[in-house]
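Below: one structure, written as structure tokens.
Taken together, the values in this text are just the output of simple stated rules run on the coordinates, not laboratory data. Keep in mind that this is a model prediction, so the values were computed, not measured. Cβ coordinates were reconstructed from backbone atoms using ideal geometry, including for glycine residues, and neighbour counts include every protein chain displayed.
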Amino acid sequence: MADHEAPGLGQGAPATPQEEAARIEAGRLLFAKECRFVAGTTTLDRLPKAVLPEVAFAGRSNVGKSSLVNALTGRNSLARASNTPGRTQQINFFDLGERLVLVDLPGYGYAQAPKGQIAQWNALVNDYLRGRTVLQRVYVLIDSRHGLKDSDIDMMTMLDRAAVTYQVVLTKTDKIAASALAPLCAGTAQALAKHPAAHPDILATSSESGFGIATMRATLAALALSVPAPEIHP
């Protein structure tokens, strides 16, 4: 299946072919811009200035956040990817063409990390999500092989309470049978219906095959374009 044939799955009204083509092109143009690392921090006092609209990527350790950022931007090493859970220990910010900031959050749910470190990561992420005024949406990544876990539900509940809009992204869909995707999306959508801050559309992606990447770029471009471009002063 071609990537542009992989729209978000959920309750959203279907776009016409012309509208979908325009969305895909807007996403392609946005992600053709330079994307550069801006900052990485483990403390709130060192967050970069809140100027551009931001979208954040959250998920369990080793769910594929860094790989997804790399796939979206077409850069193999922009975000550090690792098979070792808990590798991303700070909030990393990437400026996409001075139009949108991609935020790679530390993974949650990794029980092997020291308890003090887990508490520090959780406090950092929670404080960032609750207080970042330019944050447009959080993408909660779910490994399609495992589905929603208790730690994912905890994250979504926290976002509900903070009134932060979030959208589920299924990762690693190349690792499951094609016939399993629709039931997985249906079950996930049923669970999301209980969460008031959840966006109804579910995005299905594979960083390895590129499935769903163009659609997600289009979704991100729509968010970026919904906010007037700020004046950037030297």
**Prompt:** So what J values fall out for the range 177-193 if you push phi through Karplus, 6.51 cos²θ - 1.76 cosθ + 1.60 with θ = phi - 60°, rounded to Hz, Gly and Pro as x?
**Reply:** 5, 4, 5, 8, 5, 4, x, 4, 5, 5, x, 5, 4, 4, 5, 5, 4
**Prompt:** Taking the Cα-to-Cβ direction at Leu29 and at Ala193 and moving 7 Å from each Cα, how far apart do the two end points lie in nm?
**Reply:** 3.8 nm
**Request:** Consider a paramagnetic label point 7 Å from the Cα of Ala177 along Cα→Cβ; state which residues of the range 126-155 have an amide N under 18 Å from it.
**Result:** 144-147
**Fill in**
Residue by residue through the range 101-109, the couplings from Karplus 6.51 cos²θ - 1.76 cosθ + 1.60 with θ = phi - 60°, in Hz, x for Gly and Pro, are 10, 9, 10, 9, 8, x, x, 10, x
**Request:** Rounded to whole Hz and in sequence order, give me ³J(HN,Hα) for the range 199-205 from the Karplus expression 6.51 cos²θ - 1.76 cosθ + 1.60, θ = phi - 60°, writing x for Gly and Pro.
**Result:** 6, x, 7, 10, 9, 10, 9
**Message:** If I stretch the segment between Gln89 and Ala186 completely, what's the gain in nm (0.36 nm per residue apart, minus their alpha carbon distance), one decimal?
**Reply:** 31.7 nm
**Request:** Sort all Cα-Cα distances of the range 145-234 into consecutive 5 angstrom bins from zero, then give the percent of pairs in each bin up to the one containing the longest distance.
**Result:** 3, 12, 19, 20, 19, 14, 7, 4, 2, 1, 0
**Asked** In the structure shown, do any of Lys172/Lys194; Lys65/Lys115; Lys49/Lys172 have a Cα-Cα gap over 30 Å, and if so which?
**Response** Lys49/Lys172
**Asked** For Glu208 and Arg75 in the same chain, what is the full-extension length gain: residue separation times 0.36 nm, less their Cα-Cα distance, in nm?
**Response** 46.6 nm
**Complete:** With 0.36 nm assigned to each residue of separation and the Cα-Cα distance removed, Val38 to Glu19 gains 3.5 nm
**Item:** Rough spin-label spacing in nm, given labels placed 7 Å along Cα→Cβ, for Asp154 and Ser226
**Value:** 2.9 nm
